[in-house]
Amino acid sequence: MLVVLKETAGEVGQEAARIVAGAVRANPSAVLGLATGSTPLGMYEELVALHHAGNLDFSKATSFNLDEYLGLAPADPQSFQYFMHSNFFSHVNFSPEKIHIPSGAMRKDFSAYCESYEQAIKDAGGIDLQVLGIGRNGHIGFNEPNSSLASRTRLKELTRETIEDNRKFFPQGAEIPECAITMGIGTILDARRIMILATGKSKAAAVAKAIEGPISSSVSASALQLHPDVIFVIDDDASYALTQRDYYRRVLELTKKYTPEKLS
Ligand code: F6R
């Protein structure tokens, strides 16, 4: 796991955008796995700016979002569908038919729907670069603690903590969804490359467990230790509980010197 320590959340967004842009420039038909939430907002802003500057073309790229709340129609301003369109897709030149976001409008037949989402990822050739955030409880996607490390796309019940964390995105008094459709940990680990972002003090404990703790279904993000190509981009606040920060800085310097392609 390559740990990239940045000072600020702004720098995390820029670094993340640089890596996504690099993947799309190297392979214009890249398949991107995308996340929502506050953490990747800076990355999307930067990608939009690169696109407007004429430096980044998404017309051949494909995307698969990690998750969607159950019970929210695509037009609902709190849906991840709405988030992705308002923060990213409506500002860049993705082909609408190449954008995939799980549907939260399902009422039944969840398994068949989730299998079809998995199949669509396979049909697209698999995910080249998966972008992730991390929950305070260590979740990736909505794989809450004790999710199977082999889990696939499915309906998942959200923990109280996640429901409370999500409250900030909903108007006061609104009912917060209790379930989501999410890619599984097994689905995420199938991506060829994974980039996970974390900013802010509230993520520090989860980040330390994910990077330096034992692999455990109690901390879904620790499963990333099993993947051979993971880059963790973290700001100062989110990194303070890590015990090996100096080593990560040295690894980064030596990576720049000997294997810079790992950072492109
Ligand atoms: C979002 C997702 C979640 C978030 C995580 C962190 O698509 O899958 O795992 O990445 O809850 O959310 P923020 O960035 O809002 O702290």
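In summary, Ser90 fulfils each of the numbered conditions (1) open to solvent by less than 40 Å² (accessible area, probe 1.4 Å); (2) modelled with pLDDT of 95 or more with the single exception of condition (1).
In segment 49-60, the residues that are surrounded by 11 or more Cβ atoms within 10 Å (Cβ to Cβ) form Cβ pairs under 6 Å with partners that are outside any loop (DSSP other than H, G, I, E, B) and not small (Gly, Ala, Ser), at six or more places apart or across chains, as follows: Leu56/Leu50. Just one residue in the set Thr62, Thr39, Thr8 is away from the ligand (no atom under 16 Å from the Cβ) and modelled with pLDDT of 95 or more; that residue is Thr62.
A residue that is more than 11 Å from the ligand (Cβ to nearest atom) and open to solvent by 20 Å² or more (accessible area, probe 1.4 Å) occurs somewhere in segment 193-201.
Being under 22 Å from Gln14 (Cα atoms), more than 9 Å from the ligand (Cβ to nearest atom) and of a type in the set (D, E, K, R) is the requirement here; does Asp190 meet it? Criteria not met by Asp190. When Phe169 is tested against the conditions (1) open to solvent by 70 Å² or more (accessible area, probe 1.4 Å); (2) under 18 Å from the mean Cα position of the chain (by Cα); (3) within 14 Å of Ala221 (Cβ to Cβ), the lone failure is (3). Checked against (1) part of a helix (DSSP H, G or I); (2) at pLDDT 95 or above; (3) in contact with a Gly (Cβ under 8 Å, 6 or more places away or on another chain), Ser202 passes all but a single condition, namely (3). Look at segment 122-147: where a residue is more than 27 Å from Lys60 (Cβ to Cβ) and at pLDDT below 95, no partner that is surrounded by fewer than 20 Cβ atoms within 10 Å (Cβ to Cβ) and aliphatic (A, V, I, L, M) sits 6+ places away or on another chain with Cβ atoms under 7 Å. When the residues of segment 12-36 are filtered to those that are within 16 Å of the ligand (Cβ to nearest atom) and open to solvent by 10 Å² or more (accessible area, probe 1.4 Å), which remaining residue is farthest from Gln130 (Cα to Cα)? Among those residues, the one meeting the criterion is Glu15. For segment 77-98, a residue qualifies if it is among the charged types (D, E, K, R) and touching a residue at least 24 places away in the same chain (Cβ under 8 Å), and exactly one does: Lys98.
Quickly run through segment 139-148 and pick out the residues that are part of a loop (DSSP other than H, G, I, E, B) and either near the ligand (Cβ under 10 Å from one of its atoms) or open to solvent by 50 Å² or more (accessible area, probe 1.4 Å) (or both).
Correct list: His139, Gly141, Phe142, Glu144, Asn146, Ser148.
For Glu261, the stated conditions do not hold, so it cannot be described as open to solvent by 10 Å² or more (accessible area, probe 1.4 Å) and either within 16 Å of the ligand (Cβ to nearest atom) or part of a loop (DSSP other than H, G, I, E, B) (or both). Among the residues making up segment 159-187, those that are more than 10 Å from the ligand (Cβ to nearest atom), of a type in the set (A, V, I, L, M, F, W, C) and within 30 Å of Pro228 (Cα to Cα) are Ile181, Ile185.
What are the residue pairs meeting all of these: first residue in segment 155-183, first residue under 19 Å from Ser103 (Cα atoms), second residue part of a loop (DSSP other than H, G, I, E, B) and open to solvent by 80 Å² or more (accessible area, probe 1.4 Å), Cβ atoms under 6 Å, and 6 or more apart or on different chains? Filtered contacts from segment 155-183: Leu158/Glu178. Scanning segment 205-235 for residues that are more than 19 Å from Asn137 (Cα to Cα), open to solvent by less than 70 Å² (accessible area, probe 1.4 Å) and not β-branched (Val, Ile, Thr) yields His227, Asp229.
The values are calculated or read from the model by the stated rules, or taken from the named source; none is laboratory data. The structure displayed is predicted, hence computed values, not measured ones. We place every Cβ from the backbone using ideal geometry, glycine too, and count neighbours over all the protein chains shown. Note: accessible area is taken over every heavy atom of the protein model, side chains too, but ligands, DNA and RNA are not part of it. Shrake-Rupley method; radii C 1.70, N 1.55, O 1.52, S 1.80 Å.
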